[in-house]
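The values are calculated or read from the model by the stated rules, or taken from the named source; none is laboratory data. All figures in this text were calculated on a predicted structure; none of them were measured in a lab. Here the Cβ positions follow ideal geometry from the backbone for every residue, glycine too, while neighbour counts run over all protein chains shown. All accessible areas refer to the heavy atoms of the entire protein, side chains included, with ligands and DNA or RNA removed. Shrake-Rupley method; radii C 1.70, N 1.55, O 1.52, S 1.80 Å.
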Amino acid sequence: MTSLNQQLFERAQIRIPGGVNSPVRAFRAVGGAPRFFTLGAGPRVWDVEGREYIDYVCSWGPLLHGHAHPKIVSAVQAVAEKGLSFGAPTELEIELAERVCALMPALEQIRLTSSGTEATMSAIRLARGFTGRPNIVKFDGCYHGHGDSLLVKAGSGALTFGQPDSSGVPADLAAHTLVLPYNDVEALETLFAREAAHIAAVIVEPVAGNMNMVLPRPAFLKRLRELTQTHGSLLIFDEVMTGFRVALGGAQSLYGITPDLTTLGKVIGGGMPLAAFGGRRDIMQHLAPLGPVYQAGTLSGNPVAVTAGLVNLELAMEPGLYERLGEMTRVMTEGLVQIGRHHGFPVSACALGGMFGFYFRDTLPTHLHEVLSADKERFKQFFHGMLAQGIYMAPSAFEAGFVSTVHGTAELEKTLEAAETVFSTLA
Ligand SMILES: *Cc1c(COP(=O)(O)O)cnc(C)c1O
């Protein structure tokens, strides 16, 4: 007997490549049929078979306050009745711009987009246009959306020139993206000594969240800021995941670094398609219609998404909220590690604000190669075990996890009970 999830997955695959509209949803890293959801409320989701799960994916980060927060939903309903999109300015956009710039002082001006991919792609173009330089630097394992210049991986051997990380990306274009290992100060210094004059920008996830979760060495971020400043390259913090997630002021507030440009997404829209890039006024003024760098979007800053974002951020500004969220995430992940180790598994975890990494590895990785050395088979078993216990973790060992502000003690206890059951049955 095939399950309803399995049936829907088969039907989906007839008309949708791989059955999904974004690859990681397909469960290929863990096997089996993805769960098709029908309902989300607070920290929980329900699939088409009526099974309930505690959700640690939270739509891959945006849902800082869980599913269908009543204040967000009612604000969205009210604004939707007045028009879904105008393609003309609204006061709501100014309010969101003012709010984000107030929360992140490195942003003097901001432009809204509909996806994180657009935000990073636009920030890169702006950096190239502003500096007049062709090359960008990224770090292996960091993900910045699927723009051509950013779908690039490290070349073989000592070469830093990037290779396309997707079919369809011309090698000529990828050669303008230089790829370095994350957290490697020495590699950074060597590259800048040799190539600085051609480097328009360095783009980095200040806390890496797309190779599971990898914390930055503070010295790495600090040196990155110094080198870019000295050599006239722009520093772009891609905070699409970390913005309003690890702290109200993003990772830049935690590490005390002021980037030239910042990209935002996910939490900024509270579950609606909304993202942004912003930074120094003198740079942002190079954007059309003021300057020569073109960037646009039919639905950019539409009132429905902007309203969801405004209410989401308003809720995030409650005093003490990130301390409580951080504590919940820390206690949950420390619990997982303690239970795992008690049963003899070499596991480790890290947490920051409402974001966490969990590894079948005895120490935390500092760059992609170490992430890749974690035990993927064990993770698969763990994932399916937890899923069967009603705990929905990211279906891949290379994704960060998310806790929302409405995950409470009941969820914590159920999660750790499930972990006890699962670890005790893992062979
Ligand atoms: C999710 C993500 C993106 C891409 O955002 P989309 O909205 O999926 O296009 C870019 N950068 C980082 C760090 C992300 O986590």
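For residues in segment 100-114 being of a type in the set (G, A, S) and surrounded by 18 or more Cβ atoms within 10 Å (Cβ to Cβ), which is nearest to the ligand (Cβ to nearest atom)?
Taking segment 100-114 and keeping what is of a type in the set (G, A, S), we get 102, 106, 114.
Remaining after also requiring surrounded by 18 or more Cβ atoms within 10 Å (Cβ to Cβ): 106, 114.
Numbers: A106: 17, S114: 8 Å.
Here the residue is S114.
Just checking, which of F360, F356 is hydrophobic (A, V, I, L, M, F, W, C), surrounded by 19 or more Cβ atoms within 10 Å (Cβ to Cβ) and under 23 Å from G32 (Cα atoms)? None of the other options fit; the residue is F360.
Looking only at residues of segment 258-272 that are farther than 16 Å from L64 by Cβ and within 16 Å of the ligand (Cβ to nearest atom), we find that the one that is surrounded by the most Cβ atoms within 10 Å (Cβ to Cβ) is T263. Of all residue pairs spaced 6 or more apart or on separate chains, those with beta-carbon atoms under 6 Å, a first member in segment 44-58 that is open to solvent by 50 Å² or more (accessible area, probe 1.4 Å) and a second member that is polar (S, T, N, Q) are W46/T38.
Annotation: of all residues in segment 229-248 being surrounded by fewer than 24 Cβ atoms within 10 Å (Cβ to Cβ) and part of a loop (DSSP other than H, G, I, E, B), the one that is nearest to the ligand (Cβ to nearest atom) is L248.
Scanning segment 384-406 for residues that are over 23 Å from L215 (Cα atoms), touching a residue at least 60 places away in the same chain (Cβ under 8 Å), touching a strand residue (DSSP E or B) at 6+ places or on another chain (Cβ under 9 Å) and of a type outside the set (G, A, S) returns L387, I391, Y392, V406. Regarding L290, is this residue modelled with pLDDT of 95 or more, within 16 Å of the ligand (Cβ to nearest atom) and not β-branched (V, I, T)? Taking the combined requirement at face value, the residue does not satisfy it. Restricting attention to segment 134-172 and to residues that are of a type in the set (S, T, Y) and over 24 Å from the mean Cα position of the chain (by Cα), the residue that is farthest from the ligand (Cβ to nearest atom) turns out to be S156.
Can you name the residue in segment 173-194 that is open to solvent by less than 30 Å² (accessible area, probe 1.4 Å) and more than 26 Å from the chain's Cα centre (by Cα) and is also farthest from G132 (Cα to Cα) among such residues? Spell out the reasoning first.
At the first step, the residues of segment 173-194 found to be open to solvent by less than 30 Å² (accessible area, probe 1.4 Å) are 174, 177-180, 182-183, 187-188, 191-192.
Now restrict to residues that are more than 26 Å from the chain's Cα centre (by Cα): 191-192.
On the way: L191: 19, F192: 17 Å.
Among those that are open to solvent by less than 30 Å² (accessible area, probe 1.4 Å) and more than 26 Å from the chain's Cα centre (by Cα), it is L191.
Condition check for P23 on (1) closer than 14 Å to W60 by Cβ; (2) of a type outside the set (S, T, N, Q); (3) touching a strand residue (DSSP E or B) at 6+ places or on another chain (Cβ under 6 Å); (4) surrounded by fewer than 18 Cβ atoms within 10 Å (Cβ to Cβ): one failure, at (3).
A single member of A418, A427, A374 is part of a loop (DSSP other than H, G, I, E, B) and open to solvent by less than 20 Å² (accessible area, probe 1.4 Å), and it is A374.
Pick out the one residue from T117, T131 that is within 16 Å of the ligand (Cβ to nearest atom), within 30 Å of G249 (Cα to Cα) and hydroxyl-bearing (S, T, Y).
Details: T131 fails: within 16 Å of the ligand (Cβ to nearest atom).
T117 is the lone residue from the list that is within 16 Å of the ligand (Cβ to nearest atom), within 30 Å of G249 (Cα to Cα) and hydroxyl-bearing (S, T, Y).
From the list L325, L310, which residue is buried (at least 20 other Cβ atoms within 10 Å of the Cβ), outside the structural domain of S115 (by TED's automatic domain parsing) and within 30 Å of V79 (Cα to Cα)?
Values: L310 fails: outside the structural domain of S115 (by TED's automatic domain parsing).
Answer to the selection: L325.
Within the bounds of segment 81-88, is there any residue that is part of a strand (DSSP E or B) and open to solvent by less than 60 Å² (accessible area, probe 1.4 Å)? Taking every residue of segment 81-88 in turn, none turns out to be part of a strand (DSSP E or B) and open to solvent by less than 60 Å² (accessible area, probe 1.4 Å).
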